[in-house]
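Just so you know, all these numbers are worked out from the coordinates, no wet-lab data involved. These numbers come from a predicted model, not from an experiment. Please note: Cβ atoms are built from the backbone with ideal geometry, for glycine as well, and neighbour counts cover all protein chains shown.
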Amino acid sequence: DGGITQSPKYLFRKEGQNVTLSCEQNLNHDAMYWYRQDPGQGLRLIYYSQIVNDFQKGDIAEGYSVSREKKESFPLTVTSAQKNPTAFYLCASSFGSATAYEQYFGPGTRLTVT
Amino acid sequence: QKEVEQDPGPLSVPEGAIVSLNCTYSNSAFQYFMWYRQYSRKGPELLMYTYSSGNKEDGRFTAQVDKSSKYISLFIRDSQPSDSATYLCAMKEGGANSKLTFGKGITLSVRP
């Protein structure tokens, strides 16, 4: 089955620790995205990548880092510099920038930092 | 003013009702207009998209775009309990810009 997998579904961390969220896709999509969703805030773009070894900051990149070493994988690291890391994190992919209106989303990872 | 504004809700309707969901926007460069549906604790899925102005129908769903008024709508006819979800509008400029701008979403509950 083609799709996007995110793991784990729930993640708990202590304040001050870095944590990496996994995102893998087998849709052969070029572009991948990371969003953060908070209650009443909608989806906010953290980082996106249109091609391997290249990525751009989104609207709220501070305190986050990404890598895109393989087409299938786009892990997100939430660093200790992120002031409010507790949120629902969604990974998405699309064929490319031209078809970016159709983004396929993973099931999300709910991160809780205490 | 935010780029995309969406009615905050929540919205509760009886089964069989016609539902109207709306978004306004300020960026005249937006050319693609989407509606995503998100069930509880799941990722969003694309429900409908429209390029530029006009109407698009898919079964019980109709998407409407009025670029002159910077206003988009999603109509759901004969609403069903299975339509209960959060609906997010999203918009995109043309060209190589791949970013989507989302509304905050509205949670719809359809009562049996």
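Where the alpha-carbon atoms of region B:19-82 are placed on the principal axes, they occupy 34, 25, 16 Å, in descending order.
Relative to the compact-globule estimate of 2.2 N^0.38 Å, the Cα radius of gyration of chain B comes out at 1.02. With R₀ fixed at 35 Å, the C-beta to C-beta distance from A:LYS14 to B:SER109 puts the FRET efficiency at about 0.45.
The slack in the chain from B:SER68 to B:SER52, taken as 0.36 nm per residue of separation less the alpha-carbon distance, amounts to 4.7 nm. Rg of the Cα atoms in the protein assembly as shown, relative to 2.2 N^0.38 Å, amounts to 1.01.
Counting alpha carbon pairs within less than 8 Å and at least 6 residues apart, what relative contact order, in whole percent, applies to chain A? Rounded, it is 35 percent for chain A. If R0 is taken as 22 Å, the Cβ-Cβ distance between A:ASP54 and A:SER22 corresponds to a FRET efficiency of 0.65.
Overall, chain B carries a charge dipole of about 240 debye about its Cα centre when +1 sits on the Cβ of Lys and Arg and -1 on the Cβ of Asp and Glu, all other atoms neutral. Against the empirical curve 2.2 N^0.38 Å, the C-alpha radius of gyration of region B:58-112 lands at a ratio of 1.35. Rounded to the nearest 20 debye, the dipole size of region B:36-90 about its Cα centre is 160 debye, using +1 on the Cβ of Lys and Arg and -1 on the Cβ of Asp and Glu.
How many percent of all Cα-Cα pairs in region A:67-114 sit more than 15 Å apart? Summing the P(r) of region A:67-114 above 15 Å gives 58 percent of all pairs. Going from the residue with the fewest nearby Cβ atoms within 10 Å to the one with the most, A:VAL66, B:VAL13 rank B:VAL13, A:VAL66.
Rg over Rh for chain A works out to 0.94, using Cα positions for both radii and the Kirkwood form for Rh.
Which value, in debye to the nearest 20, gives the size of the charge dipole of the protein assembly as shown about its Cα centre, when Lys and Arg are +1 and Asp and Glu are -1 at the Cβ?
Details: 24 positive and 22 negative charges, 99 e Å.
The calculated dipole for the protein assembly as shown is roughly 480 debye.
Build a GNM of chain B with springs between Cα atoms under 10 Å apart, and of B:GLN38, B:GLN64, B:GLN80 the one that fluctuates most is B:GLN80.
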